[in-house]
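Take a look at the structure set out below.
The values are calculated or read from the model by the stated rules, or taken from the named source; none is laboratory data. The shown structure was predicted, so the numbers you read here are calculated from the model rather than taken from an experiment. A quick note on method: Cβ atoms are made from the backbone with ideal geometry, for glycine too, and the neighbour counts reach across all protein chains shown. Protein only, heavy atoms only, side chains kept; ligands, DNA and RNA dropped before computing areas. Shrake-Rupley method; radii C 1.70, N 1.55, O 1.52, S 1.80 Å.
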Amino acid sequence: ALVYSTYLGGGCNELGHGIAVDRSGYAYVAGETGGDPVFNQTCAAAAATFPTVNALQSAFGGVLDGFIAVLSPAGNELVYSTYLGGSGRDRINGIAIDSAGSIYVAGETRSANFPALNAIESCRGGVSTDNHPTNNDPFVAKLSPGRALVYSTCFALSGSAHGIAADDSGHAYVTGESGSRLPGCVIPPSGGLRDAFVVK
């Protein structure tokens, strides 16, 4: 039986890329909202109509922003919803939750002003240092059970983070793609255009 079905969006383009569910049946959804200049789409004003509730970031940041939303078990209430992004192109591709209720997200950014906290590496804002064509910085962020930002960091390499998992000790495990060398890499890059990466 269909338990619930709903739209989630504002006046522009919204894409849901990741979902996780806790033991109580709350759905955690992540994706992107805004316009994409690659397709000649500009709708910043419309993107600012994406519904936010108790938001960490209530204002639309730029061209594309990531979003995080939490739906009630019945699907009829938006419990939490926030933007996450800077003034450039940002998207969230993966989301995970741990047993304490913390939220972990992973994605990509081209914003030099991406909201960073306790960062391992800063965001370059799409500036390539390795001649790779994508110029995206993979990022990982964690929100506490109270939805405060615990940390948010980029990895200074060209690529994107696609999947994320979390254990009960609070470690985040991230996978994605990259065209540049990771610090401390145990397996040398293949020498091809892109390699998959795994980060803990």
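Annotations
- Restricting segment 169-191 to residues that are in a loop (DSSP other than H, G, I, E, B) and open to solvent by less than 50 Å² (accessible area, probe 1.4 Å), the residue that is modelled with the highest pLDDT: Gly170
- Subset of segment 116-148 that is open to solvent by less than 40 Å² (accessible area, probe 1.4 Å) and at pLDDT 90 or above - its residue that is nearest to Arg194 (Cα to Cα): Pro138
- Each residue in segment 72-82 was checked for being open to solvent by 20 Å² or more (accessible area, probe 1.4 Å) and touching a residue at least 24 places away in the same chain (Cβ under 8 Å), and 5 pass.
- Residues satisfying the stated conditions in segment 48-59, i.e. part of a loop (DSSP other than H, G, I, E, B) and either of a type in the set (D, E, K, R) or open to solvent by 10 Å² or more (accessible area, probe 1.4 Å) (or both): Ala48, Thr49, Pro51, Thr52, Asn54, Ala55, Leu56, Gln57, Ser58, Ala59
- Within segment 136-160, residues that are on the phi > 0 side of the Ramachandran plot have Cβ atoms under 8 Å from residues that are not in a strand (DSSP E or B) in these pairs: Arg147/Asn54; Arg147/Leu56; Gly159/His132; Gly159/Thr134; Gly159/Asn136; Gly159/Gly179; Gly159/Ser180; Gly159/Arg194, counting only partners at least 6 apart in sequence or on another chain.
- In the set Gly62, Gly85, only one residue is at pLDDT below 95, surrounded by fewer than 23 Cβ atoms within 10 Å (Cβ to Cβ) and of a type outside the set (Lys, Arg); that residue is Gly62.
- Scanning segment 80-91 for residues that are more than 18 Å from Val53 (Cα to Cα) and not charged (D, E, K, R) turns up Gly86, Ser87, Gly88.
- Among residues of segment 92-105 that are over 16 Å from Ala27 (Cβ atoms), those with a beta-carbon under 9 Å from a residue that is β-branched (Val, Ile, Thr) and open to solvent by less than 20 Å² (accessible area, probe 1.4 Å) at least six positions away or on a different chain give the pairs Asn93/Val105.
- Checklist (1) in contact with a strand residue (DSSP E or B) (Cβ under 8 Å, 6 or more places away or on another chain); (2) at pLDDT 90 or above; (3) not small (Gly, Ala, Ser) applied to Arg194, failing item: (2)
- Of the residues making up segment 101-124, not one is among the basic types (Lys, Arg) and in contact with a Ser or Thr (Cβ under 7 Å, 6 or more places away or on another chain).
- Filter result (outside any strand (DSSP E or B) and among the hydroxyl-bearing types (Ser, Thr, Tyr)) within segment 18-34: Ser24, Tyr26
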